[in-house]
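Engineer: Quick one: the structure is below, questions incoming.
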Amino acid sequence: MDERAKTKRAVAESAAKIAASKRAIKRAVETTLVDREKLLRVAQARALMYRVIRDFLDRRGYLEVDTPVLAPRLIPEPTIGAFTTRYEDEFAGSHDLYMIPSPEVYLKRLIASGSASIYEISRCFRNREQTSAYHNPEFSMLEWYSVGADYRQSLELMQELLHELVARFDEVGVLGASAALGAQSVADLLLADPLVLTMREACLRYGGIDLLEVQDCESLARVLAARGAQGVRGACRAGYEDAGCDARAVGGAHEAGEPEAAWDELFQRFFLTYVEPELPGDRPVYITDYPEQIACLAARSSEGPWRERWELYIKGIEVANCYSELVGEADAGYAQELIAHESELVCRMREQGIEGAPLPYQNYAEICAKMPPTSGNALGLDRLLMLLLGESALKGVLLFPNFGIVEA
Amino acid sequence: MIKAGATEKGMALLMKGQPFIIVEREFVNPGKGSAFVRLKLKSPQTGQVLRETIKTQENVEDIMLEDTDCQYLYADAEAFHFMKVDTYEQFSIPLASFEGYEFLMKEGEAYRIMFYGDDPLDIKLPPKIVFEVVEAESVAKGDTVNAVTKLVKLDSGLEIRVPAFIKEGEKVLVTSDTREYVERVNK
């Protein structure tokens, strides 16, 4: 067969395959039933997880609240894509609404209003996320806010909650067996003494670099290039090298075709390639004190260029993200600068017509300023349930993964 | 050129002028950061492994491969040996490039091999393969908590976990990708 005929055959084959798969998807969406055994097992386990969480937090005096999943504005985060919908009122006027990526936008307003410690089990939505073993664009999250606490106290609370979940799941015999997790049992994994280390320690131990020595783009890019990373552009935008607020805010930029790398992106590449895959998978791992350059509403550390923040990794999977929140009048100016810069980036994305760039809450810093010292934690419940049941992918704990689209 | 976000496992990319196959691909999106794909790439010729984390919006160079049907002859200590069905030309691929494939391929059967020029880059396996169970421990009655699954040995030498009801001599369908049990085959 000559080249042209071969190509022609390949094109025809793939076109037929695409058409067939589209037909199959359509048919599957309409008719596929959920396996009854899975349905009961998964639904009951989730109900139990919610009962345990409520019980656990209620006992400690947290108030469960219920806030909307639609919002007219979102806290600006250029790296999170929003699902947009529209409220129609033909007489009073119509406007866009956004599905929340996290209940934070409302919960912090409650904290600022004097609610004291609260929590919510909420449905969250993130656009542009590829559906995968650990991602689903729609997911369930627990957010708690502990008034008067910092990120270290939240870490202790997180550990207590993990232990209580394991105990209660074990009690009724629904704790996962070991199959999906290898030789170790789910209980051994989740109850093991956690490894708590700062991001600086993690990068030193697993990545072999001291973050304090690569605080500018040039040197971090050199580290990446030396390890053979492709396409690292050494040059940074002017003014980035200093550790001022300008630099931090620029860190959120991620426009397509951006010619130069920002520090936080170089850092993410380094962390995701050389550190995260090396984290031990046999116990909970807490990475604390993230680089200050990663723009977010976490308080700055007094011990270096870090933020008071931790992430919980279990089997290399990000399960929770916690801050000492950026609060109070003293930091109001700083918070305002941060939000203004992030807003500007989101607004620029809107001008470029980038899908999923929401109207930013440009004055959200006013809410932060009115908050008492608080630590907030966001916990991915679908991932947590997956780990509790010993499943290896989210589809094992979701009744309708990928919105019920079953690819035949 | 394609966006890194559009890459898939099994795709071939040109990295530093050398062809690599994507052997692992994971979408990662740090809580506060851009979306990335984390790739593990392998060069079947040299066995070299690359780890790359690339923003989904960045471009990578994908390459076109040509497929040829090849008969799997045998594996020795170093390599898999194949013969092209149309030209009878024999060639080999290092064992290390396709770890565990000796447990998934059957001697004498034809497999589609992807070539970049003269270099064999990838062996395409059917997504699901039927094997016979040759060794299975029996499970004590009533032991329903621990006996949801058990370890069995298949005729290819592969060991996998299957539901406790599977018996020796039965045939099972296994995914070639994750080497996991799919279902019992009643034939």
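Engineer: Within 10 Å of each Cβ in B:32-43, how many Cβ atoms from other chains are there, averaged over the peptide? Intermediate results must be reported in sequence, preceding the final value.
Structural biologist: Values: counts 17, 16, 11, 9, 5, 3, 5, 1, 1, 0, 0, 0.
Per residue, the number of nearby Cβ atoms from other chains is 6 on average.
Engineer: Taking the Cα centre of segment A:120-208 as the origin, how large is its charge dipole in debye, to the nearest 20, when only Lys and Arg (+1) and Asp and Glu (-1) carry charge on their Cβ atoms? If you can, show how the numbers build up before the last one.
Structural biologist: Working: 7 positive and 13 negative charges, 89 e Å.
With Lys and Arg at +1 and Asp and Glu at -1, about 420 debye.
Engineer: Using alpha carbon centroids, what distance separates segment A:336-387 and segment A:43-57, in Å?
Structural biologist: If we compute the Cα centre of each part, the gap is 28 Å.
Engineer: Students often get this wrong: which residues of segment B:82-107 have the backbone nitrogen under 15 Å from the point 7 angstrom along Cα-to-C-beta of B:D76?
Structural biologist: Residues passing the 15 Å test: B:82-83, B:90-96.
Engineer: Could you check how many percent of all C-alpha pairs in the protein assembly as shown are farther apart than 45 Å? Mind dumping the intermediate values first?
Structural biologist: Working: 40186 of 176715 pairs.
Considering the protein assembly as shown, 23 percent of its Cα-Cα pairs are separated by more than 45 Å.
Engineer: Right, next: Taking neighbour Cβ counts within 10 Å as the exposure measure, how do A:L204, A:L297 sort from fewest upward?
Structural biologist: Values: A:L204 16, A:L297 25.
Least crowded to most crowded, the residues run A:L204, A:L297.
Engineer: Evaluate the charge dipole of the protein assembly as shown about its Cα centre and quote only its size in Debye, nearest 20, assuming +1 on the Cβ of each Lys and Arg and -1 on the Cβ of each Asp and Glu.
Structural biologist: Dipole of the protein assembly as shown, to the nearest 20 debye: 1440 debye.
Engineer: Along the Cα→Cβ direction, 7 angstrom out, place labels at A:Q130 and A:V69. What is the inter-label distance in nm?
Structural biologist: Calculated label separation equals 2.6 nm.
Engineer: Counting pairwise Cα distances across segment A:326-408, what percent come out greater than 21 angstrom?
Structural biologist: Numbers: 2018 of 3403 pairs.
Every Cα pair in segment A:326-408 considered, those over 21 Å come to 59 percent.
Engineer: Over the Cα atoms, compute the radius of gyration (one decimal) and Dmax (the largest Cα-Cα distance, rounded to a whole number) for segment B:31-142, in Å.
Structural biologist: 18.6, 58
Engineer: How do B:M83, A:M49, B:M64 line up, fewest other C-beta atoms within 10 Å first? Each step should come with its number before you reach the end.
Structural biologist: Details: B:M83 15, A:M49 23, B:M64 9.
Fewest to most other Cβ atoms nearby, the residues stand as B:M64, B:M83, A:M49.
Engineer: Something else now. Rounded to the nearest 500, what is the 222 nm mean residue ellipticity of the protein assembly as shown from helices alone, with -39500 (n - 2.57) per DSSP H run of 4+ residues and division by all residues?
Structural biologist: Numbers: 12 runs with 155 residues, N = 595.
Dividing the helical sum by the residues of the protein assembly as shown leaves -8000 deg cm²/dmol.
Engineer: Given the Cα-Cα distance of A:V196 and A:E337 and 0.36 nm per residue of separation, how much length would full extension add, in nm?
Structural biologist: On the way: separation 141, 0.36 × 141 = 50.76 nm, distance 3.14 nm.
Here the segment from A:V196 to A:E337 would lengthen by 47.6 nm.
Engineer: Another question, if that's okay. Just list whichever of A:K395/B:K40; B:K32/B:K150; A:K370/A:K395; B:K55/B:K128 have alpha carbons separated by over 29 Å in the model shown.
Structural biologist: Values: A:K395/B:K40 23 Å; B:K32/B:K150 41 Å; A:K370/A:K395 41 Å; B:K55/B:K128 32 Å.
Check vs 29 Å cut-off fails for B:K32/B:K150; A:K370/A:K395; B:K55/B:K128.
Engineer: Right, here's the next one. Got a sec? How would B:E58, B:E180, A:E355, A:E120 order by Cβ neighbour count within 10 Å, fewest to most?
Structural biologist: A:E355, B:E180, B:E58, A:E120
Engineer: Beta carbons within 10 angstrom, averaged per residue: use that to sort the peptides A:84-96, A:206-218, highest first. Display every interim value, and only then the final one.
Structural biologist: Values: A:84-96: 9.5, A:206-218: 16.7.
Taking the mean over residues of other Cβ atoms within 10 Å, the ranking is A:206-218, A:84-96.
Engineer: Here's another thing I want to ask about it. Rounded, prolate or oblate: pick one for chain B, where a ≥ b ≥ c are the square roots of the eigenvalues of its C-alpha gyration tensor, a/c under 1.5 means rounded, and failing that, prolate if a/b is larger than b/c, else oblate.
Structural biologist: Verdict is oblate for chain B.
Engineer: Please list, ordered by chain and number, the residues whose modelled amide H lies under 5 Å from the amide H of B:L121; skip anything fewer than 5 residues away on the same chain.
Structural biologist: Amide H to amide H, under 5 Å and 5 or more residues apart or across chains, B:L121 pairs with B:M114, B:F115, B:Y116.
Engineer: I've got another one for you. Take the alpha-carbon centre of segment A:285-323, take the same for segment B:165-187, and report the distance between them in whole Å.
Structural biologist: If you average the Cα positions of each part, the centres end up 44 Å apart.
Readers should treat all values here as calculations from the given coordinates under stated rules, not as data from a laboratory. Predicted model, so just to flag it, every value in this text is computed and none were measured. No Cβ is skipped: glycine too gets one built from the backbone with ideal geometry, and neighbour counts run over all protein chains shown.
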